[in-house]
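A quick write-up on the structure given underneath.
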Amino acid sequence: MLEIIAERLRQKHRTLNFPKVQPVMPDRFRGRPELHPERCPEGCRACLEVCPTGALARIGGHLTLDLCRCLFCPECVAACPHGGVAFTRDFRLAGRTRQSLVLGSGAEALATALDARLAKLFGRSLKLREVSAGGCNACEADANVLTTLVFDIGRFGIEFVASPRHADGLYVTGPVTGNMREALLKTYAALPEPKIVIAAGACAISGGPFIGLPEAGSGTDPHIPVDLYVPGCPPHPWTVLDGLLRLLNRL
Amino acid sequence: MSKLLDLAPGAAAPLAAVPVLSEDAFPHEVAHAVEEGGRLAALFGHAPQPSQSSHMGGIRLLAVVAFDAAGRLGVVAGELSRDRYPCLARFCPQAHYFSREIAEQYNVLPEGHPWLKPVRFAPPLPGALPVDPFEGRRTIGLTDYFRMYGPDVHEVAVGPVHAGVIEPGHFRFQCFGEIVHHLEISLGYQHRGLERFLPNAPAGRVLPIMETVAGDTTIGHALAYCQIVEALSGLAVSESAGLVRAVALELERLANHVGDLGALAGDVGFLPTLAYCGRLRGDLLNISALLCGSRFGRGLVVPGGVRFALEPSRLEELRERLAQTMRDVTGAVELMFGATSVRARFEGTGAVSAAVARDLGLVGPAARACGLTLDSRKDFAAGAYASTPILPAVEESGDVFARAQVRWRECQESARFIGCALDRLSGLAAAEAPVAPPRALAPDSLAVGLAEGWRGEVCHVALTGSDGSIARYKIVDPSFHNWMGLAMALRGQQISDFPLCNKSFNLSYCGHDL
């Protein structure tokens, strides 16, 4: 018993007072990309050609980057000698619509809150059922991290629960493989109304690294409506928490 | 092993050098090699291109046998003239799961297989024979599950959606009272069709897929893949890049082992270690992010080397943060092993014997916990692992306690290894990001990549076509070997011990499902 108390003191208090105190991301962290189309030479396609998922597009002098597809890999930055694309350390990425996640489109916007009725219902207590539907288990791992004491989502009233019957929303990860489609639909149907859906990670939004693989599927919204999209491969836990708090009108 | 082609991991050989046996001789030769101390690292089918064989449009089987004690691989092929062949599993139990996979992928029947059914409920691969032995039985969730009959026997079915934040899989327990007589694990829900996609895939798409075969083993799978590309294209890896890769692989092992030690504590209700290790696992992931910006090591390993260098200041920060983290890990884990209530729950639970582990071909900590001394970092030591040898952690009792102990000792060994690697790195010029332009792969060749991921041996095998493109790419995640080990661990246990047994293995669903 005494050793447990002594160890407790040695391990210290570790919960970050988020959102009052903002986390410091590592210097090589690849967060929200920044586009500088004015630096792109005429006809250059260097970044477009190396992007594994076709997230970048260039029409005329217009460069866009679709965060729905972006894996936040270093390929485009490495391929561009002009500084046309760069990653910042900004971890805030979540959006309410897929259009709002296309950088350079003029429609980009961070997530807005749920409507007043839902924000009131879920704002102080949101129970989520997680459904892992394909993917690589990294999104699931970093969802689990949210319940550890550094992030401690419980203090915001957010909790992952064991049954869809106890849940207010679904937290979907993975591209929704053919073999998981039915299980996802049944779980969604088992949630009581009103309910929300969060698609976390590039897979759950667009298929991510598995875009175009017929068995893998192309994300959540072909199957069920999505209220919050959290980009990333996988999204950093702070990205997820930031998105959830915005959705609940707590940021 | 006279009839097998001798091959080193990370080396390539012309396909023509691989001995091709008849469908009758092949199973015997493979079984013989296993009897001689071999272990099936991979056994798979492929549909050769017309130029590659004097075949009759049949399927060819390929076995990669690991002789761990000798540190060598043996490769042998079998040419099937028909849609069936004598089943290898009858005299070589570790072949039974591979045989099911081959039947599912290529529609060829292992005659006399004791338990033939799909492993992923996926469509056959291109080049498969036209007649489907699983016609109408490829729908996930609908299969002939093993059943026990009798008064008071009951069945408990769980999944694919589980109560926690975990991957999907279906588990069926055949119980008599509280005692589990058999657990069937039916997977495939995470199947994304990777092996169908990889041949002739656009070059830029392959590495991100390798990094997400199993996201918690990003470095392990990326390393096995890069070894293959390097072998087939003659790319050399500098010493410093090799060291950075090994540091990343050990950080991946540390993060996962520490997280699982905490989860094991949680499964027996010992909450302090659960709480501390949850945080510490994150700290270790953040050290990987210090290296390359990603907590999972994404973007670090590339063919020819690594994309991010460890400059002196970063090296020092890494060393300092790791030392701090390991101090806290030691405190948290010693607390757990010091608690008699924890030990009472760990000891004797979910035991697997050495004989069963050997028969099933278990790998990684699950095998080492049963007394099997195999660790590809030692048995096939190359690069950083040759200059700083790893001492495998081996326990005898095969139970949850042994698996937890192996993991803890491996954590300590990884931390020691990283320290040595950092010492060595500080004396070298920083490993600059290689801008090696992609080179053509050797045509009509075969290469094997091996990496000791945190769950065990990650084995990749590639066969190239006459144009140097990938004709067949086989991925064997350690989980493919080990899921059956978990099923065996549950025999005679209480159903309430399942979470504990499961976490002590913590196998990958997506790595299995591909």
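The values are calculated or read from the model by the stated rules, or taken from the named source; none is laboratory data. Because the structure is a prediction, the values reported are computed rather than measured. Backbone-built Cβ (ideal geometry, glycine too); neighbour counts: all protein chains shown. Note: accessible area is taken over every heavy atom of the protein model, side chains too, but ligands, DNA and RNA are not part of it. Shrake-Rupley method; radii C 1.70, N 1.55, O 1.52, S 1.80 Å.
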Cut-off under 5 Å, modelled amide H: who pairs with A:Phe160 long-range: A:Leu128
Inter-part distance where the range B:151-184 and the range A:174-251 are each reduced to a Cα centre, Å: 27
Binned Cα-Cα distance frequencies in the range B:332-410 - 5 Å width, integer %: 3, 17, 22, 20, 16, 11, 7, 3, 0
Residue-averaged 222 nm ellipticity for the protein assembly as shown, from DSSP H runs of 4+ at -39500 (n - 2.57), nearest 500: -10500 deg cm²/dmol
Lys, Arg +1 and Asp, Glu -1 on Cβ, resulting dipole of the range B:393-496 about Cα centre, debye, nearest 20: 160
Where labels lie 7 Å past Cα in the beta-carbon direction, separation of B:Arg343 and A:Asp115 in nm: 6.1
Fraction of accessible area attributable to carbon and sulfur, chain B (%, probe 1.4 Å): 56
Sequence-separation-based contact order of chain B, relative, with Cα cut under 8 Å and 6+ spacing, percent: 18
Förster-model FRET efficiency, 60 Å R0, B:Ile179 and A:Arg39, C-beta, rounded to 0.05: 0.30
Options B:Gln94, B:Ser22, B:Val75, ranked by Cα towards positive dipole end of the range B:1-119, top entry (Cβ charges): B:Gln94
Those residues of the range B:148-192 whose amide nitrogen sits under 14 Å from the label point placed on A:Ala190, 7 Å along Cα→Cβ: B:157-166, B:168-171
Estimated distance in nm for a label pair at B:Ala157 and A:Ser105, the labels positioned 7 Å out from Cα along Cα-to-Cβ: 4.2
Cα-Cα pairs of the range B:1-119 separated by more than 18 Å (percent): 47
Sites B:Ser466 and B:Arg82, calculated FRET efficiency, Cβ-Cβ separation with R0 25 Å, nearest 0.05: 0.45
Note, ³J(HN,Hα) from phi for the range B:396-410, Karplus 6.51, -1.76, 1.60, rounded to Hz, x at Gly and Pro: 9, 7, x, 9, 4, 4, 5, 5, 5, 5, 4, 5, 5, 5, 5
Sites B:Glu320 and A:Asp27, calculated FRET efficiency, Cβ-Cβ separation with R0 22 Å, nearest 0.05: 0.90
Rg over Rh [alpha-carbon atoms, Kirkwood Rh] for chain B: 0.96
HN-Hα J in Hz across the range B:202-209 - Karplus 6.51, -1.76, 1.60, θ = phi - 60°, x for Gly and Pro: x, 3, x, 8, 6, 4, x, 6
Global size of the range A:27-172 as Cα Rg and Dmax, reported in angstrom: 18.4, 56
For the range A:199-251, radius of gyration divided by Kirkwood radius, i.e. Rg to Rh on alpha-carbons: 1.04
Reciprocal mean inverse distance between Cα atoms of the range B:194-476 - Kirkwood radius, Å: 19.5
Column: log10 I(q)/I(0), Debye, Cα scatterers of the range A:125-251, q = 0.14, 0.20 Å⁻¹: -0.53, -1.10
Size of chain A as Cα extents on the principal axes (Å, biggest first): 66, 45, 35
The protein assembly as shown - accessible surface per residue (Å², probe 1.4 Å): 35
Of A:Lys12/B:Lys378; A:Lys20/A:Lys195; A:Lys186/B:Lys474; A:Lys20/B:Lys503; B:Lys3/B:Lys474; A:Lys120/B:Lys503, pairs whose Cα-Cα distance is over 27 Å: A:Lys12/B:Lys378; A:Lys20/A:Lys195; A:Lys186/B:Lys474; A:Lys20/B:Lys503; A:Lys120/B:Lys503
Gap separating the Cα centres of the range B:196-248 and the range B:327-380, nearest whole Å: 28
Where Rh is the Kirkwood radius over Cα pairs, Rg/Rh for the protein assembly as shown: 0.95
Backbone HN-Hα couplings from phi across the range B:241-253 [Karplus 6.51/-1.76/1.60, Hz, Gly and Pro as x]: 5, x, 5, 4, 4, 5, 4, 5, 5, 6, 5, 4, 4
Accessible area buried between chains B and A, both sides summed, probe 1.4 Å, in Å² to nearest 100: 4500
Part-to-part distance (alpha-carbon centres) for the range B:439-514 and the range A:134-162, which is given in Å: 27
The range B:1-119, dipole about Cα centre (Lys/Arg Cβ +1, Asp/Glu Cβ -1), debye to the nearest 20: 160
